[in-house]
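Remarks on the structure that follows.
Any read-out appearing in this document is the output of simple, stated calculations on the displayed coordinates, not a laboratory observation. Remember, it's a predicted structure, so these values are computed and weren't measured experimentally. A quick note on method: Cβ atoms are made from the backbone with ideal geometry, for glycine too, and the neighbour counts reach across all protein chains shown.
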Amino acid sequence: MSQFLWIIIALPLASAVFLHFAGRRIGEPRAGYLATLSVAGSFALALGAALPFFQGESHGVTVNIWEWMPAIGAALEINWDPLAALMTLIITGVGALIHLYAIGYMHGEARFTRFFVYLNLFVASMLTLVLAGNFAMLFMGWELVGLCSFLLISFWSTRPSANAAGKKAFVVNRIGDFGFLVGLMLIFATFSTLSYAGIFERAEEVLSPGMATAIGLLILIGAAGKSAQIPLYVWLPDAMEGPTPVSALIHAATMVTAGVYVIARSAVIFEISPIAGPIVATVGAATALWAATIALAQKDIKRVLAYSTISQLGYMFLAVGAAGHVAGVFHLMTHAFFKALLFLGAGSVIHGMADEQNMEKMGGLRKAMPITAVTMLIGTIAISGIPPLAGFWSKDEILGVAFSRGGWFWVLWIVGLVTALITAFYMTRQFVLVFLGEPRWTEGVHPHESPRTMTLPLIALAGLSIVGGLLNTPFRTALEHFLEPSFELVALTHPPEGLGMFVLLAGLSTLAGLAGAGAAFLTYNRPAELWGRFEAAFGRTWTLWSEGYRVDDLYWATLVKPGLRAAEAAAFRFDTPIIDGAVNGAGRLVRAAASKGRGLQTGMVRSYGALFAAGTVAVIGWIIWRGA
Amino acid sequence: MSLVVTSGWYMTLAAVLFALGALGILIRRNALVMFMCIELMLNAVNLTFVAAGRALGNLDGQLAVFFVLVVAAAEVVVGLAIIVAIFRRRQSASVDELSELAG
Amino acid sequence: MVELVVFVLMGGGALAGGVTVIKARNPVYSAMGLLGTLFAIAVLYVMQLAHFVAAVQVIVYAGAVLTLFLFVIMMVGVDKEEDVRETIPHQRRLALALGLIAIGIVVSLVARGRFAWVPVASAAADPQATNGTVQALAEPMFTDWVLAFEATALLLTIAAAGTIALASFRRPVADTAAERTGV
């Protein structure tokens with residue numbers, strides 16, 4: 001079985017190549033179905049290959065496909081262990097549903113097949129990232145998903161804002177990638193190899209705590225770029241310029257979790273360092289709270305979800321930073337379910353409202369779009385952490401992990417708890433604004449339920465959002481058992497033992513969720529003037545939140561503008577006069593010398609002869625004079 | 001006095017003849033005369049070969065003359081053909097008029 | 001003593017012929033001067049026992065090459081006297097200076113008796129060793145020098161082919177048309 005693992009990556013890649021060349025010929029719906037089938041095929045294969053893990057029979061294998069650079073331990077090799085298998089199942093499973101959804105969502109789009117080429121390419125790249133058996137191949141996938149993200153954000157390339165957003169994502173990610181790359185170089189300098197096997201098994205004897213901290217923090221920079229953490233999160237909200245399936249697949253469910261995956265994969269390194277883990281956790285908790293407050297005041301339905309994604313990724317960072325890797329990966333999974341569901345639901349609403357994204361112009365949509373409304377409600381409850389839906393179990397495990405670490409982590413636990421309250425508030429606010437109350441539609445908009453290709457994935461994801469959490473409850477730790485082989489080198493942090501502690505902690509977080517949801521329901525399930533007054537009462541704080549703490553302005557003033565100035569100076573003060581001047585000067589020198597020297601070339605053979613004879617006589621004379 | 005004519009005498013004569021030929025090439029502009037001057041220079045070199053061969057006591061000098069002669073003959077044939085071709089086109093054998101390649 | 005007399009006579013003749021070549025206004029006179037030089041050199045070859053080379057000199061140079069020269073001179077036009085006024089500035093002065101310097105170098109070497117690079121014929125050397133009869137030349141020619149001999153054969157073939165190509169050269173039609181319209 002293991003020798004066929006490469007097909008998991010090759011299937012979507014082959015589909016992408018095929019659609020690139022023949023997509024236009026096979027036409028609109030069929031291209032989409034082919035793309036969906038290829039991803040679903042990968043899912044089926046991955047499910048079959050993961051069976052030994054479910055039965056606890058295998059600890060994972062590494063399959064070498066092609067020796068790339070053996071000297072640095074870089075090969076095209078597939079590391080098939082439970083963590084990789086779980087990531088693969090999430091990517092292909094959720095991915096297939098989103099592909100199916102995109103067939104309906106992108107209906108009538110001129111570059112329909114091109115969109116699926118990119119989506120397939122993305123899935124192949126992401127699978128390369130998670131299935132890599134060494135850091136070199138991982139980095140290859142890491143860059144490829146960045147490229148696909150860029151291509152898909154600026155998919156509607158005629159919109160200037162989409163192009164700007166694509167560029168922004170690319171540049172910000174580059175900053176993170178730079179840190180990551182330096183981290184990889186440090187790893188290579190320390191271990192002389194980049195292969196997982198060579199690194200993790202020897203880490204304990206080779207790696208000093210200082211070096212582990214350096215590597216860990218550099219990996220954190222890369223992870224913060226890809227997973228949109230403070231201070232590199234600014235690209236993600238703008239990335240909502242892309243089509244909604246892209247937001248769901250790349251910027252909620254899969255690509256942005258790559259950072260969490262990398263930290264979980266490098267768990268051994270973080271364990272050796274005394275402070276790298278706590279720093280990761282702190283960054284995560286801060287990001288969670290920061291982004292949640294911004295999400296509170298957003299009017300754009302997709303931007304709420306974008307900031308919510310950043311906030312939830314912060315939770316995952318909190319978990320992996322606290323060495324609760326299973327909790328982090330668990331939340332990664334449940335978040336993939338419900339955030340994909342919420343994004344697809346939002347897409348369905350946007351689709352039905354004729355591309356309206358402002359929530360203040362929605363309202364009362366539950367009658368027009370019943371399926372979307374019900375599935376969105378499930379997603380909202382799931383993310384708000386209300387039992388027994390998926391988000392409750394994973395979020396509660398993260399908070400439990402933070403609580404049991406104690407010390408500084410108690411502060412982070414409180415931050416997480418507050419964030420849970422805010423999360424429930426803004427998600428309920430979104431649901432109420434969109435689906436309840438009186439219609440505030442602009443004239444001429446006739447909301448309608450979306451086609452079946454779009455509602456089917458919604459229903460499937462809603463089902464997963466309900467039951468997904470039951471994989472790993474304090475009463476039945478199936479996921480932890482499943483992932484055990486991947487983390488056997490690490491001492492995992494577990495939530496506090498005992499039913500009493502569980503009831504206490506779960507009760508607190510449920511209470512926070514219910515409080516937030518209830519407050520939002522009471523505030524917003526009223527006429528617009530009343531909740532408008534509520535928001536106005538916050539005054540300038542609310543404005544600050546709605547403008548995202550003006551971080552973009554800050555970056556513009558402190559980083560982008562000086563950078564542009566420097567580039568301008570280099571271009572016009574240095575490049576033009578000095579580089580161009582040198583080049584043009586060389587040309588002018590040659591021309592001047594030529595126009596002076598052309599007089600020598602008279603065309604008179606005898607003049608040339610005279611010069612030649614003079615030279616000959618001079619050489620002979622010199623030889624004889626020297627010899628004499 | 002007993003003046004013995006050594007190889008050096010012949011070589012000196014050859015050097016002077018060579019210089020004369022070179023001078024002719026520089027000051028004459030008739031292509032035919034320039035060609036004759038080249039022949040003069042070649043003959044001077046041949047004389048040197050024979051003299052050197054005698055001084056060294058072997059026949060290689062004379063053999064070299066033979067080959068130079070062949071090359072000179074071939075060169076004369078081609079060179080005169082070129083001169084004729086130019087003359088047919090321009091009605092002149094002056095090399096100074098062939099200066100289209102001036103810079 | 002005989003050799004000295006012959007050398008002075010023939011050397012003087014060769015120089016006189018050379019001067020005629022470069023001084024005569026009429027190319028026919030130049031050809032006659034060259035003829036004199038060639039004969040004088042042929043005699044000098046005989047003086048040095050290069051009998052075969054001397055014969056070839058007379059037959060090929062004086063006979064074939066010079067005849068070809070005269071033929072072309074007649075074809076180009078004997079009546080065309082060359083304008084001896086120099087048109088290139090300093091050309092004549094430069095040429096004379098160079099010639100004088102070159103001759104001066106040689107003369108100074110002779111005067112100072114510095115002929116380290118020209119070995120004097122040793123008395124012990126057998127004069128018969130450099131006796132250039134046909135038989136004596138043929139043996140090294142077709143053994144040690146056979147490659148050079150074959151190469152000259154190839155060279156002559158190429159020269160013949162090249163001459164034919166030059167002689168049969170015709171102007172392109174377009175070129176003639178352009179000239180006819182005066183462009």
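General observations
- Residues B:Val45, B:Val4, C:Val107, ranked from the fewest to the most other C-beta atoms within 10 Å, line up as B:Val4, C:Val107, B:Val45.
- Averaged over peptide A:593-599, the number of partner chain Cβ atoms lying within 10 Å of each residue's Cβ comes to 1.
- For the range C:1-44, a Kirkwood hydrodynamic radius built from all Cα pairs, placed in the Stokes-Einstein relation at 37 °C and 0.692 mPa s, yields a translational diffusion coefficient of 318 µm²/s.
- Averaging the Cα positions of each part gives two centres, and for the range A:394-440 and the range C:9-26 these lie 117 Å apart.
- Net length available on complete extension from A:Trp410 to A:Phe21 is 134.5 nm, with 0.36 nm assigned per residue and the Cα-Cα distance removed.
- Sorted on the mean count of surrounding Cβ atoms within 10 Å across their residues, most packed first, peptides B:11-19, A:432-440 read B:11-19, A:432-440.
- The Cα atoms of the range B:30-98 define a convex hull whose projected area, averaged across directions, is 4.6 nm².
- Averaged over residues, the count of other Cβ atoms within 10 Å places the peptides A:572-579, B:48-55, A:40-47, C:17-24 in the sequence B:48-55, C:17-24, A:40-47, A:572-579, highest first.
- Rounded to the nearest 20 debye, the dipole magnitude of the protein assembly as shown is 2480 debye, with +1 charges on Lys and Arg beta carbons, -1 on Asp and Glu beta carbons, and the Cα centre as origin.
- Distance between modelled label sites at A:Ala593 and A:Phe4, nm, 7 Å Cα→Cβ extension: 7.0 nm
- Interatomic Cα distance distribution for chain A, bins of 20 angstrom, percent: 19, 49, 20, 7, 5, 1
- Under the combined filter of DSSP loop state and at most 10 neighbouring Cβ atoms within 10 Å, chain B retains these GluC sites (Glu not before Pro): B:Glu100.
- As a proxy for reagent exposure, ranking A:Ser192, C:Ser168 by other Cβ atoms within 10 Å from fewest up yields C:Ser168, A:Ser192.
- Per DSSP, loop trypsin sites (Lys or Arg not before Pro) in the range B:71-103 with at most 15 further Cβ within 10 Å: none
- Packing around the peptides A:451-462, A:506-517, A:114-125, taken as the average count of other Cβ atoms within 10 Å per residue, puts them in this order, highest first: A:114-125, A:451-462, A:506-517.
- Model label sites at A:Ile275 and A:Val467, defined 7 Å from Cα along the beta-carbon direction, differ in position by 4.8 nm.
- Dipole of chain A, positive direction: furthest Cα of A:Ala528, A:Ala197, A:Gly56, with charges on the beta-carbon: A:Ala528
- Mean partner shielding of peptide C:91-101, defined as the number of other chain Cβ atoms within 10 Å of each residue Cβ, is 6.
- Cα→Cβ-extended label distance, 7 Å offset, between C:Val28 and A:His59, nm: 11.4 nm
- Note on C:Ile101/A:Arg626: beta-carbon distance plugged into 1/(1 + (r/R0)^6) with R0 of 22 Å gives a FRET efficiency of 0.85.
- Candidates A:Pro278, A:Ser266, B:Ala15 compared by Cα position along the dipole of the protein assembly as shown: farthest toward the positive end lies B:Ala15, with charges placed on Cβ.
- Sparsely packed loop sites in the range A:134-176 (the chymotrypsin sites (Phe, Trp or Tyr not before Pro) outside DSSP H, G, I, E and B with at most 10 other Cβ atoms within 10 Å) do not occur.
- Only Lys, Arg, Asp and Glu carry charge here, each on its Cβ (+1 for the first two, -1 for the last two); on that basis the range B:30-98 has a dipole of about 160 debye about its Cα centre.
- Shielding score for C:129-142, defined as the mean number of other chain Cβ atoms within 10 Å: 3
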